[in-house]
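Worksheet: one structure, shown below.
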């Protein structure tokens, strides 16, 4: 598909691509150059405080795993069985 570079460096992404990727107005796109090509990749942007909280939670789980406090399951069914017991 051919797209034209318009004033203010704007390019319209063909509708077929938008539909195929499930994109919609307001979605964030990372645009970068790689080996002479222009690449456009959909991204999800999370607030910094959300990521900080997630890092903290992951750290807590790693600590619990190391101490043996966090149960480890061999498969998802075992996890769900344990959750149903509680």
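Under the condition of being under 30 Å from residue 19 (Cβ atoms) and touching a helix residue (DSSP H, G or I) at 6+ places or on another chain (Cβ under 9 Å), which residue from the range 41-82 is surrounded by the fewest Cβ atoms within 10 Å (Cβ to Cβ)?
46
Across the range 15-27, the qualifying residues are those that are under 17 Å from residue 45 (Cα atoms) and exposed (fewer than 10 other Cβ atoms within 10 Å of the Cβ), and the one among them that is farthest from the chain's Cα centre (by Cα) is 25. If you check 53, 84 for being closer than 30 Å to residue 27 by Cα and modelled with pLDDT of 90 or more, only one passes: 53.
Whether a residue is in a strand (DSSP E or B) and exposed (fewer than 10 other Cβ atoms within 10 Å of the Cβ) was assessed, and residue 33 passes this test. Among residues of the range 21-41 that are outside the structural domain of residue 11 (by TED's automatic domain parsing) and touching a residue at least 60 places away in the same chain (Cβ under 8 Å), none has a beta-carbon under 9 Å from a residue that is surrounded by 10 or more Cβ atoms within 10 Å (Cβ to Cβ) and in a strand (DSSP E or B) at least six positions away or on a different chain.
The values are calculated or read from the model by the stated rules, or taken from the named source; none is laboratory data. The structure displayed is predicted, hence computed values, not measured ones. Note: ideal-geometry Cβ built from the backbone for every residue, glycine included; neighbour counts use all protein chains shown.
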